[in-house]
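Just below is one structure, and these are the notes that go with it.
The values are calculated or read from the model by the stated rules, or taken from the named source; none is laboratory data. These numbers were taken from a predicted model, which means no experiment stands behind them. With ideal geometry, Cβ positions are generated from the backbone for all residues, glycine too; neighbour counts draw on all protein chains shown. For accessibility, only protein heavy atoms count, side chains too; no ligands or nucleic acids. Shrake-Rupley method; radii C 1.70, N 1.55, O 1.52, S 1.80 Å.
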Amino acid sequence: MNASVELGKIRAAATAFSRDLMNELSDVLNPETYPEVLKQQFEGKGVEITVHGKEQLEEMEMNGLLTVCRGSKYNPSFVEIRYEGDSSKPLVALVGKGVTFDTGGISLKSGKDLSSMRMDMGGSAAVAGAMQLLVDSKADVNVVALIPMVENTPDANSVFPGEVIRYKNGKTVQVGNTDAEGRLILADALIRAGELNAEYIVDIATLTGAIVAALGSEIGGVFGDEELSSVMKKVGDQNGDFVWPMPLVEAYDKSLASDYADMNNISSMNFAGSITAGLFLRRFVPENSKWLHVDMAGMMSKSSASGYYAKSATGYGARLLADYTVEVSK
């Protein structure tokens with residue numbers, strides 16, 4: 001009984017940590033301070049944290065991050081958190097979108113109140129919470145968190161629509177819309193997961209309004225490997241972070257075509273936006289990895305408390321990713 005109570009406390013604390021990160025104000029939590037918060041949180045917990053600053057990102061050719069963060073007064077960061085509970089297990093990479101505030105950039109968002117855009121780092125918060133849960137519960141897993149951190153703001157230095165980014169793997173992307181920035185930084189992280197030879201990759205992001213139109217505000221969407229999607233659905237059904245398997249429709253892939261680059265960061269169609277975002281990300285998934293993409297945009301926050309979720313930031317994804325990592329490591 002006591003063990004169950006202790007585990008419950010660990011799970012609650014990890015979810016609360018995710019919520020605290022998401023609720024924090026963007027002038028407090030930004031691409032330069034966020035790594036320090038994580039370092040402090042994981043201090044003395046037997047994890048290895050590496051923070052890549054702007055100079056390292058230039059050496060690593062993380063050109064998506066460098067481009068998206070160009071208009072910000074803060075430098076971009078890329079954080080890696082490594083935990084080897086059992087080094088004989090397959091390496092699982094958890095990738096979380098860390099946009100600490102998203103104005104949309106030059107393709108400026110419109111709306112009465114954009115305060116919740118400080119939560120556009122919800123994917124990274126899910127990954128950070130999942131790592132805390134795995135570490136504190138001493139899970140027998142081999143896992144690395146990969147968190148690209150940027151702020152997306154309009155400025156004289158910001159990326160303009162039409163510019164082309166060349167990625168480390170040689171692929172080129174025309175930036176059709178600067179508000180589709182999450183996929184531009186996740187691409188760098190997916191390439192990095194390949195360099196680390198991750199066998200399983202899950203990326204999670206507040207990626208598209210389209211997933212909210214499709215699934216509403218009670219469930220996230222999961223794309224990618226069909227068998228693993230159903231594994232994740234079962235995990236979510238058990239722990240309350242519900243997720244629904246979504247298709248990657250091959251016929252829509254050509255809508256990402258560009259006249260100036262290998263692909264555009266937005267689709268030429270005005271529908272199926274969450275699917276085409278998933279298809280974009282798939283182009284950067286390492287060949288031998290088993291990949292899932294979770295779009296949690298509809299699950300980011302609640303206007304009132306319900307079920308597992310408090311009002312405001314939900315902490316969605318922390319338990320989902322941790323339990324999934326344990327499941328595939330069995």
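Brief remarks on what is shown
- About the Cα centre, charge dipole magnitude for the chain (Lys/Arg +1, Asp/Glu -1 at Cβ), debye: 540
- Residue with peak Gaussian network fluctuation, the chain [Cα springs, cutoff 10 Å], from T153, T50, T15: T50
- For the chain, the per residue solvent-accessible surface stands at 41 Å², with DNA, RNA and ligands left out and a 1.4 Å probe.
- Most positive-pole-ward Cα, A145, A213, G96, against dipole of the chain from beta carbon charges: A213
- C-alpha long axis of helix 318-328 to longest principal axis of the chain, angle in °: 80
- Global form of the chain, assessed from the alpha-carbon gyration tensor, a/c cut-off 1.5: rounded
- Here region 81-157 and region 1-52 have alpha carbon centers that stand 11 Å from each other.
- Largest GNM mean-square fluctuation across D203, D113, D225, computed for the chain with C-alpha springs under 10 Å, falls on D113.
- Classified by the C-alpha gyration tensor, region 1-118 has an oblate form. Its axis ratio a/c, with a ≥ b ≥ c, is 1.5 or above, and a/b does not exceed b/c.
- Extension gain (nm, one decimal) between D113 and S268, 0.36 nm per residue minus Cα-Cα: 53.0 nm
- Percent accessible area from carbon and sulfur atoms, region 1-82, protein chains only, probe 1.4 Å: 47
- Normalised alpha carbon radius of gyration of region 141-228 [divisor 2.2 N^0.38 Å]: 1.27
- Spatially proximal lysines relative to K45 (Cα-Cα < 27 Å; intrachain offsets below 8 disregarded): K9, K54, K89, K97, K138, K330
- Cα-projected label distance for N2 with A213, points at 7 Å along beta-carbon direction, nm: 5.5
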